[in-house]
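Below: the structure, in structure tokens.
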Amino acid sequence: MTSHVKIAVISDIHAYTAAQLEPGELRPSFVEVSNPSDLPGQNPFSALKALIDQESLTADFLVCAGDMGDKAHPDAIRYSWERVRALAKQLGDATIVVTSGNHDLDSRYMYNDYDAKATLQGLEEYPFDSGAKNNEYWARNAVVIETEAVRWAVLNSAAYHGYAEEWKHGRISKRTLAYLEELLKSTSQDKLNVLVCHHHVYKIGSVDLGDYSAMEAGSALLQLLESAKYGNWLVIHGHRHWPSVTYAPGSNSSPVVFSAGSLSAVLYDELADKARNQFYILELDTPPQAGRMRGRFKAWDWVSDEGFSPAQARSGLPHDGGFGSTKAGSTLADDIHVAFGSLGDQFAPWSKMVELVPDLLHSTPNDMAVCISRLDTHYGLIVLEHNGRRHQIGRA
Amino acid sequence: MSMTNSEGVLTQDAFSSFNARAVPARVLAKDFIPPFQFATLTRRAHTVIVGPRGSGKTTLLKMLTPEALRDSDESESLQGQPGVGFTGIFVPTDISWSAQLDAYRELGFSDSQASSLVYASFTTAVLRAFVSAVHQRVTIQTQPRLLLVPKLAFEPSTEASLARSWADSWGLTLRIPSLLGVRAALSQQLVEIGQFATKERHLSVEDRGKRFADHPALDRPLMAELSAGLDSLESVSPESIGERWALLFDELELAPAEIRAELLRSLRSVDERFLFKLSISPFGADLDQFTSALSAMPGHDHDEVSLSYGRKEEGIGFSLELMAAILARRRHKPDDLAFVLGPSDFPVESTVAVPTNGSTEARRNRYFRALYRDDQTFKRYVHRHSQSIEEFLALEGDSRAQFVRKVTPIVIVRSAFRIPDDSFAAGSRRYKTRKNPDIYRGLTSLATVLEGNPRYIIGVMNELLDEAGQGKIGGPRQTAEITRAANRFRALLTTIPAPVVPGIRRRGLLPIIDMLGTFFRERIVADDFTPDPIGSFIVDSHVSDEILAAIGSLLNAGALVYVPEPGGVAILTSLRGKRFRLNYLLASQYGMPLRLEREQSISAIVERQRIKGDSNQPSIFEILGD
């Protein structure tokens, strides 16, 4: 019998304190920790609390994909970690799956003497609630955790920050990759597989930010995951503040890559009209089926002075979406055209289309956009959306 | 693997963050605790609903919509409520209308053209709300008991026909002939009105009048459009003939005067199928015009509903009910609110059963004995009625009610805040400046301080329960939270624009509250003991326009509370001659008792404070550095 695993995702909080800013320096985030507001329109964490209450949201896991603080400020990191833990509790005692971002490691020794990870190691139960696992995380940079339905691989892609120019990018070393493979060999092969890291494993997004910070040797990691020797994978990462769901290059066995947007960072100008601060809940079917990992997600936007609401157009990810379908958007449009024609009405609820074309549930936002565009241009079929949700399809 | 989380709006944490405007009606409905006024709102009558910020106006209006009532059968708190025999059409005021109006004027449009553009947005928004309400009726799954109008059901071809009819009437381009298609087309029309205005800026002014006249969305009479829409609906759904439709206009005070004026004109509609239920702040220049227009409308009665409580006994029942609901929701078990918060020192006259015990009485007696020891003027009062304090405390019957019980609140605050006679030098301040003692703790005092205001209650209760774990919430914790909430309220007041008031050097609304609070504290705590001190004010005829404007703003913010005469009308149409008191949340920060005290004219208070130079006297907040 199929059941679901729910994973809440936040990333790139970039909390800061007003005191760390240089005169004239713009704030990096909407979370300022020296005098944090508890108004949802001013503090995304408070907004998240309100959203979870209002929508009765729950999750089995809470993923935090790094960069809790900005420029490694210890107070900011500590504040974020407390809020992350409170959030997990509010979601129904969700298990936290956290990894470290480049801004969490004091790679320029601003606050610690030659120990970039000192603040993180001072946090209670970070990243795991087991001392042995924490030692493994810091020593081997990769940990595999098995829960009832999910095998989690947690990778510290910022492990070498503090050394030379490593702060410029992420990395998975050969040694870490080999260690990870050993862990995967020795653990269960019949669960959902999710890898969490901070850095992106390949370049994503259409905006050129002069970005060279992707994970070094990310392709080797992808090759390991694509081999499907250890099942099919979902990768969740942050870092770019660019929300997207893509399939890694390669084959139909390549991992699904969920790039989480930032929860609360002030977005670069180049991103400002293409993405927003977002929060996600992913839902995966368990036990896993053969083939690419299938799932659905919901996304909410945080809007300054308002709080969280269902994600809208040009937010990065839409409110409702999915991943895992192998059908192209144009094929989906053709299927819908046939299904709609079989009803004989001028309009139909979108839910009816989902019932007749189940792949819609698992198509990526990009495939969905292609599908909706083709429906209009080829078949004169319009899809009505309201508050980030598709409601109805029909023609005039 | 996941736990069920049934929490809703009752678990919002921030004192001033909860605003029903952004919360879907279905979410509000989950936790709705109806105040006694709800039954009046469900009547098939026109209604003006008046209340300050946070008093629950928006929630009450949204609770009249089919969306909110959809799951009402599952709500225990709604059982026993009368049904809603109309379809509620919720129309929020778009706060951008005022800004749009200003922007259009600045861009060179004439006043009438700017009004025309904004009114077109308003009309389109109302039509969209109407279509949404019809859609809500269509999508009802199971007919809820409280919604007395039945589910609407259309064949797709009928819905398409209705959608086309509306599109023709309202000048819409339909992409899908359905209810949702009409709603989307109305949304698009809103966008196009803005685009039309943008384009107009670059076209010649000479022909502008004609282009405005030709535009299908401009200068449409709202009620005629709605009536035509309803005619179309009734023609495809004859079973809906005879139904009433209630236009629920929320937060009208935020709408530009031009829209309010147009709405007033709409109230002269003779289409009896429409009811009007309007929510508005306690004081506004045209409130009396709305009430007069509603009372003059044919076919229906009109009701006036107030959501502020000049006398604490009126609101305490609702406060206690909502507080208990929050406690039950947060603790997932039937904890007794009285056990968690403990008894209060201040007595309360209420129809609600209020627990007291021997220790409450003993504590009150300690206040009396302490004041008797420290305050010669109180001692004289006691000796006018008995030989000794013990004999005084043993008085019974009418004497006890008249001489002891009546002065208990005054005795508590004087005992808590007054410096003993033998320890102050002549001319020095006679009240203590230490942090508040825990005199405002306990079930009924907390309920009183929270003024029956859902936003205060939700915010404060959740903060208290966040930190309390599972047991009792101690007095110091309650006191700290009251102070925190009051501070946040004061911070909010600093954000409201206010005129410069002659005689008060500091600008803004807060100095006026400070002036009143310190004046009342002087009378109640520092002056010679009297069982009937001054603690409220009347707006007399000598008051300046600046003070009047400031009082209006303070009323709308909820910082001042209107006290109608017993049996009097709760709706204010003018400030003059009316009596007001400080909101108890703020009053607690000046060491005031939680009851209505004698009044004095506001001009006399301003004059006295001006002469005394007290208008800049630091408040208890500044003294304490809170």
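Summed over the range A:268-308, residues that are surrounded by fewer than 18 Cβ atoms within 10 Å (Cβ to Cβ) and more than 30 Å from A:K191 (Cα to Cα) total 10. With respect to A:V150, is the statement that it is touching a helix residue (DSSP H, G or I) at 6+ places or on another chain (Cβ under 7 Å) and farther than 18 Å from A:N135 by Cα true? So A:V150 fails the test. Scanning the range A:1-44 for residues that are within 22 Å of A:A272 (Cα to Cα), in contact with a Leu (Cβ under 7 Å, 6 or more places away or on another chain) and within 14 Å of chain B (Cβ to nearest Cβ) gives a single hit, A:P44.
Within the option set A:S363, A:S330, A:S373, being open to solvent by less than 20 Å² (accessible area, probe 1.4 Å), among the hydroxyl-bearing types (S, T, Y) and at pLDDT 95 or above holds for one residue only, A:S363. For the residues B:G51, B:G83, the requirement of being farther than 23 Å from B:N453 by Cβ and at pLDDT 90 or above singles out B:G83. Within the range B:453-486, the residues that satisfy the criterion of being over 27 Å from B:K57 (Cα atoms), modelled with pLDDT of 90 or more and aliphatic (A, V, I, L, M) are B:I473, B:A480. Please enumerate the residues belonging to the range B:168-191 that are open to solvent by 10 Å² or more (accessible area, probe 1.4 Å), more than 7 Å from chain A (Cβ to nearest Cβ) and more than 35 Å from the chain's Cα centre (by Cα). Result: B:D168, B:S169, B:G171, B:L172, B:T173. If you go through the range A:139-151 and keep only what is away from every other protein chain (no Cβ under 14 Å) and crowded, with 16+ Cβ neighbours inside 10 Å, you end up with A:R140, A:N141, A:A142, A:V143, A:V144, A:I145, A:R151. A single entry from B:G80, B:G108 fulfils the requirement of being open to solvent by 40 Å² or more (accessible area, probe 1.4 Å), over 19 Å from B:F276 (Cβ atoms) and under 27 Å from the mean Cα position of the chain (by Cα): B:G80. Anything in the range A:47-79 that is touching a helix residue (DSSP H, G or I) at 6+ places or on another chain (Cβ under 9 Å), closer than 27 Å to B:P24 by Cα and not basic (K, R)? List them, or say none. Of everything in the range A:47-79, those that are touching a helix residue (DSSP H, G or I) at 6+ places or on another chain (Cβ under 9 Å), closer than 27 Å to B:P24 by Cα and not basic (K, R) turn out to be A:L48, A:A50, A:I52, A:D53, A:Q54, A:E55, A:S56, A:L57, A:T58, A:A59, A:F61, A:L62. When each of A:E226, A:E216, A:E182 is tested for being open to solvent by 30 Å² or more (accessible area, probe 1.4 Å) and in contact with a His (Cβ under 9 Å, 6 or more places away or on another chain), the lone residue that passes is A:E216.
Once the range B:274-294 is narrowed to residues that are polar (S, T, N, Q) and either free of Cβ contacts under 8 Å to residues at least 60 places away in the same chain or part of a strand (DSSP E or B) (or both), the residue that is least open to solvent (accessible area, probe 1.4 Å) is B:S279.
Being more than 30 Å from A:P365 (Cα to Cα) and buried (at least 18 other Cβ atoms within 10 Å of the Cβ) is a property that A:N134 has.
Screening B:S232 against (1) open to solvent by 20 Å² or more (accessible area, probe 1.4 Å); (2) closer than 30 Å to A:Q346 by Cβ leaves a single unmet condition, (1). Among the residues of the range A:37-56, those that are surrounded by fewer than 22 Cβ atoms within 10 Å (Cβ to Cβ) and either under 24 Å from A:Q121 (Cα atoms) or in contact (Cβ under 8 Å) with a residue 60 or more places away in the chain (or both) comprise A:G41, A:Q42, A:L51.
All of (1) within 14 Å of another protein chain (Cβ to nearest Cβ); (2) farther than 21 Å from A:L284 by Cα hold for A:L91 with one exception: (2).
The values are calculated or read from the model by the stated rules, or taken from the named source; none is laboratory data. Everything numeric in this text was worked out from a predicted model, so none of it was measured. Positions of Cβ are backbone-derived with ideal geometry, glycine not excepted, and every protein chain shown enters the neighbour counts. Heavy atoms of the whole protein, side chains included, go into the accessibility calculation; ligands, DNA and RNA do not. Shrake-Rupley method; radii C 1.70, N 1.55, O 1.52, S 1.80 Å.
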